[in-house]
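Engineer: The following block contains the structure, expressed as structure tokens.
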Amino acid sequence: LVSRWIPQRRRRFTAGIVPHYTQRDDPWVRDLASRLGDGCTVIDVRSSPTRTIQQIAACDIILSTSLHGVVVADSYGIPALWDIPRDSLTGGDFKFRDYESAASPEGSRRTSFAAITSLREARELAKPADRAVVGRLNDALEDQLDRFRRDLGRVSPPHQVFIDQVSGGRFARSR
């Protein structure tokens, strides 16, 4: 849903690497960035959510070990790849495969980052999620959020004030 709430600015980076927060300082990140060359940026998911989203949205392609990186890229229609370079993530690749079964039913975008030798190769491998599918998923999520907001308002109006404060009124906006 982020692309509906945070507008995309011009693309400034040829590629963005979005490592899982536990992998930010791993050697493979620097190695991959050097193979992708100038114009590549490493995005720190420990930054504010808005800054992280804006940086992802400013990339031509995304290479991510964080599922959030792939989801945000998909929201903006940015081609993406994902990998788990080491077995440190709890649950392994399950959450990626689960997400892709809905957002990218034509096949997995998992690619060994260690095997990518250049930006050209990464661009050839990266694929966007199916825009129509992502649009339908976003519509369904937005409908559920609207329903949640209405249900909370019926049960306890003070909670709506909290939701509006936390979300900046995003759940109250009309479509």
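Engineer: Checking Trp28 against (1) under 23 Å from Ser3 (Cβ atoms); (2) aromatic (Phe, Trp, Tyr); (3) touching a residue at least 60 places away in the same chain (Cβ under 8 Å), which test does it fail?
Structural biologist: (1)
Engineer: Go through (1) open to solvent by 10 Å² or more (accessible area, probe 1.4 Å); (2) free of Cβ contacts under 8 Å to residues at least 40 places away in the same chain for Asp60 and report which single condition fails.
Structural biologist: Single failed check for Asp60: (2).
Engineer: Within the stretch 72-80, can one find any residue that is assigned to a loop (DSSP other than H, G, I, E, B), crowded, with 23+ Cβ neighbours inside 10 Å and among the hydrophobic types (A, V, I, L, M, F, W, C)?
Structural biologist: Yes, there is a match, as at least one residue in the stretch 72-80 is assigned to a loop (DSSP other than H, G, I, E, B), crowded, with 23+ Cβ neighbours inside 10 Å and among the hydrophobic types (A, V, I, L, M, F, W, C).
Engineer: Let me ask something else. Any chance the stretch 129-142 includes a residue that's closer than 21 Å to Gly77 by Cβ, modelled with pLDDT of 90 or more and touching a Gly at 6+ places or on another chain (Cβ under 6 Å)?
Structural biologist: no
Engineer: Next up: Give the residues of the stretch 141-153 that are open to solvent by less than 50 Å² (accessible area, probe 1.4 Å) and under 23 Å from the mean Cα position of the chain (by Cα), sorted by residue number.
Structural biologist: Scanning the stretch 141-153 gives Glu142, Leu145, Asp146.
Engineer: Is it fair to say Lys127 is within 18 Å of Phe13 (Cα to Cα) and of a type outside the set (Gly, Ala, Ser)?
Structural biologist: It is true that Lys127 is within 18 Å of Phe13 (Cα to Cα) and of a type outside the set (Gly, Ala, Ser).
Engineer: Which residues, counting only those in the stretch 1-25, are without any contact (Cβ under 8 Å) to a residue 24 or more places away in the chain and either buried (at least 17 other Cβ atoms within 10 Å of the Cβ) or out of contact with any helix residue (DSSP H, G or I) (no Cβ under 9 Å at 6 or more places or on another chain) (or both)?
Structural biologist: Once the filter is applied, which keeps residues that are without any contact (Cβ under 8 Å) to a residue 24 or more places away in the chain and either buried (at least 17 other Cβ atoms within 10 Å of the Cβ) or out of contact with any helix residue (DSSP H, G or I) (no Cβ under 9 Å at 6 or more places or on another chain) (or both), the stretch 1-25 yields Arg24, Asp25.
Engineer: Can you work out which of the residues in the stretch 83-115 that are in contact (Cβ under 8 Å) with a residue 24 or more places away in the chain, hydroxyl-bearing (Ser, Thr, Tyr) and within 15 Å of Val134 (Cβ to Cβ) is surrounded by the most Cβ atoms within 10 Å (Cβ to Cβ)?
Structural biologist: Ser104
Engineer: Is it true that Asp44 is surrounded by 13 or more Cβ atoms within 10 Å (Cβ to Cβ), closer than 17 Å to Gln55 by Cβ and acidic (Asp, Glu)?
Structural biologist: The answer is yes for Asp44.
The values are calculated or read from the model by the stated rules, or taken from the named source; none is laboratory data. Predicted model, so just to flag it, every value in this text is computed and none were measured. FYI the Cβ positions are ideal-geometry reconstructions off the backbone, even for glycines, and counts take in every protein chain you see. In case anyone asks, the SASA skips ligands and DNA or RNA and just uses the protein heavy atoms, side chains included. Shrake-Rupley method; radii C 1.70, N 1.55, O 1.52, S 1.80 Å.
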